[in-house]
Each structure stands twice: as C-alpha cells, then as structure tokens.
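Enquirer: Encoded as structure tokens, here's the structure I'll be asking about.
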Amino acid sequence: MEEDAADKLRSDFVQVLRSRRRNPNVPLSVELGKPVTDPMYQGNTILGSREVMESCPKENIEDFKDRLIEENLYLITEEGEQGRLPVLILSIKQSTPQRRPAIVFLHSSYKCKEWLRPLLEAYASRGYITVSIDSRYHGERASSTTTYEDALVSAWKNGDTMPFIFDTVWDLIKLGDYLMQREDIDASKIGITGESLGGMHAWFAATADTRYAVVVPIIGVQGFQWAIENDQWKDRVDSIKSVFEEACIDLGKSTIDKEVVKKVWDRIAPGLASQFDSPYTIPIIAPRPQLILNGAEDPRCPLAGIEIPCSTAVEACKRANCPEKFKLIAEPGIGHKMTALMVKEASDWFDKFLK
C-alpha cells in the first residue's frame, strides 16, 4: 500500500510537469556545444569566492588537466527556446573504459553551471562522471540579467510555465534518459545534488524520477505550507520578490501577505504548498539514500518546517531495514549558505553509497 501511494504521488507530480509542456513527446536529441567563455550571472549576484567548493576532497593527479575530458552539449527536452538544455560534463580519461558512477550538480538562483566547476573537477578527480546543467532561464538559457525574474512574473500573469523548480525538474527527467544511455555511466549509480534552488531541484527530481539513486539537497529543503501557516515565508519570498510584488498589485493588496504567497505558489508551481510539499515528497524518496544538509539558523529553510517529513523518512527507512540511508545534518550557527562541512559531508555520502 505504501509503495502504491508513492507511485500514485509520483505519477500525479509527473502529470503536473507534463501539463505545461510544449509538446512533451519530442524525441530526445543531442547537439554538440562549445565551452562558455563568458557565463551569465543574473540579479544582484555577488559571486565572491569559490573557497567552499574548492575545499571538496580531490585526488592529487599530476596530469589532471591533460586527462580531464570536457563535454559541452545540448539536450532537446521539449519544443521552444527553453527546451534546449545546456549540459556540461567533466570526467577523467581512463586507460581501460568502464562504467562509472555519475553525479548531477545543480546551481543556486541567478548562477549557472560554470560556477560549479570546482565541484565538478574535484569529483571527476575521484572517478565520477560529473554533470551540470543551466536551470531554466539561467546561464545559456538567459538573455539578460533579469531573465529569471521576468519568467517568474510571466508565469504568474499567464499560468503557462513553471519556472520555479518544476520546469527544470522536467529537464532533469530528460537528462536521466540521456545519462542512462551513456556507455561510460553505471545506470544504477546516478546521484544528484544542488545548492539552494539547486537543492530544491535535486529534491523534486528524485521525487519524480527513481533513477536518481542517491540524493543530497543542500540548503534546499523546506516546508512551504508550514511556512505559510507559521508566518515563516518572508525570507523565501524575498529571494524572488518581484513576482510576489506583481501578484500583490494584481490582487489589490497593499502588502504581501500569506494569501498572496499561497496564490503565487499555486499559480507558478501547482501543488508545491500542498500535495507535493516536503511532508509527502521527502519520505517517498526512501529507501534510496538521502542526506539533507541545512543550516540550523536558515530562515529560508526553517528546521521546524521539516521535522515531520524528516521523521517520516526516518520511519520509512527503518521499515525498509536501511535506517542508515536517511540523515539530516543541521549545522549549528549557520544560515542560508553552503559550508565546507556540507561539501565534505556530501562527498562522504556519495562515496559511501555510489562507489
């Protein structure tokens, strides 16, 4: 019964993803690309240091740069401009071809796949095939520094796209199709992780697609309905404020309130704050290994909002006789940021369950 309920929820979620596709049945095809020399970063993004990512454990390979293989390509995931998915893949050339584990890495809001290169290289040095994409309206899929925010406002106005999380999850299902076909990847050992928005992408991609065998969302898991009910939505709203400001005007309100927040989520990501929220989707990832990494003081992902989904996931793994396959680490004193500890814990988790 429990497995049937999980399958039903997964099927319902995929149906929502399909509902706003421009011909979801286009054949998966691959186009060759070129390295991006001038990546697009949006909004008021302060790039800062890559020190945290550069702390990721790596093998000391003397001729690393010579052995590093870089692939740039595009997957066609549906019709239309945003249906062209940019993909960056790094791996180490091996003397004897063999299938290897792969990990998909997903960037945070307003960044792009190139920003994650230190992580891609570190994992590649340890024998993984590393994969990153530009999320919808980011990187090569953006034409200006406001493309993502413009898409969110358009989704509120027109209700024809789902730029917050769900459209990119569709791409990740199609990416899974592609990765399963590669002769250098062990199809049973594909992991997925991401930071912030990328953490949400990882969480929901694993919900929709069981081929993602190991899941590590970093500062991305929250309870959307819990936040509304407990007036803890402001910091998440502030991260994409323009769409809520536009909705506030359209709804004749003077300030953003919980009604505005609920209506925006229902419009741009149907079910996000109801049937597909964390209490229902985090547990159905079990018994696949799942590590949730959050800051204990994160205002965008309050720990109190994920107590129920995490405890339910723990019980699901216990019933499956694999209690070691779910873990939540909330780093004390840390807000909404990825830390070196999180990078190391994620690395250890993937080594434990993918190698």
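Each value in this text was obtained by applying a stated rule to the coordinates, not by laboratory testing. All values reported here derive from a predicted model rather than from experimental measurement. Backbone-built Cβ (ideal geometry, glycine too); neighbour counts: all protein chains shown.
Enquirer: Show that you can apply the helix-only estimate: for the chain, add -39,500 (n - 2.57) for every DSSP H stretch of four or more residues, divide by all residues, and state [θ] at 222 nm to the nearest 500.
Expert: The helix contribution divided over the chain gives -12000 deg cm²/dmol.
Enquirer: Measuring from centroid to centroid over Cα atoms, what is the spacing of region 302-355 and region 219-291 in Å?
Expert: Between the Cα centres of region 302-355 and region 219-291 lies a distance of 21 Å.
Enquirer: Moving to a separate point now. Quick one: grab Rg to one decimal and Dmax as a whole number for region 1-139, Cα atoms only, in Å.
Expert: Radius of gyration, then largest Cα-Cα span, for region 1-139: 17.8, 53 Å.
Enquirer: Which value results when the Cα radius of gyration for region 261-355 is divided by 2.2 N^0.38 Å?
Expert: Cα Rg divided by the expected 2.2 N^0.38 Å: 1.18.
Enquirer: For region 159-198 and region 1-38, compute the distance between their C-alpha centroids and round to whole Å.
Expert: 8
Enquirer: What is the calculated FRET efficiency for Ile76 to Ile249, with r their C-beta to C-beta distance and R₀ = 56 Å, to the nearest 0.05?
Expert: The pair Ile76/Ile249 has a calculated efficiency of 0.95.
Enquirer: Okay, moving on. Over the residues of region 37-107, compute the C-alpha Rg and express it relative to 2.2 N^0.38 Å.
Expert: In units of the 2.2 N^0.38 Å rule of thumb, it is 1.44.
Enquirer: If you filter region 230-263 for trypsin sites (Lys or Arg not before Pro), then keep DSSP loop positions with at most 14 other Cβ within 10 Å, what is left?
Expert: Counting only loop positions with at most 14 other Cβ atoms within 10 Å, the trypsin sites (Lys or Arg not before Pro) in region 230-263 are Lys253.
Enquirer: Determine which residues of region 252-267 fall in the zone a paramagnetic label at Asn44 would reach in this model, i.e. backbone nitrogen under 15 Å from the point 7 Å along Cα→Cβ.
Expert: No residue passes the distance filter.
Enquirer: Moving to a separate point now. By its C-alpha gyration tensor, with a ≥ b ≥ c as the square roots of the eigenvalues, how is the chain shaped: rounded for a/c under 1.5, else prolate for a/b larger than b/c, else oblate?
Expert: rounded
Enquirer: Out of all DSSP beta bridges with both ends in the chain, state the antiparallel percent to the nearest 5.
Expert: Beta bridges within the chain, antiparallel portion: roughly 45 percent.
Enquirer: I would also like to ask the following. At most 15 other C-beta atoms within 10 Å and a DSSP loop state: those are the exposed GluC sites (Glu not before Pro) I care about. Give me the longest piece of the chain that has none.
Expert: Result for the longest clean stretch: 184-296.
Enquirer: Taking square-rooted eigenvalues a ≥ b ≥ c of the alpha carbon gyration tensor, is region 242-293 rounded, prolate or oblate, where a/c under 1.5 means rounded and, failing that, a/b exceeding b/c means prolate?
Expert: Prolate, since a/c reaches 1.5 and a/b exceeds b/c.
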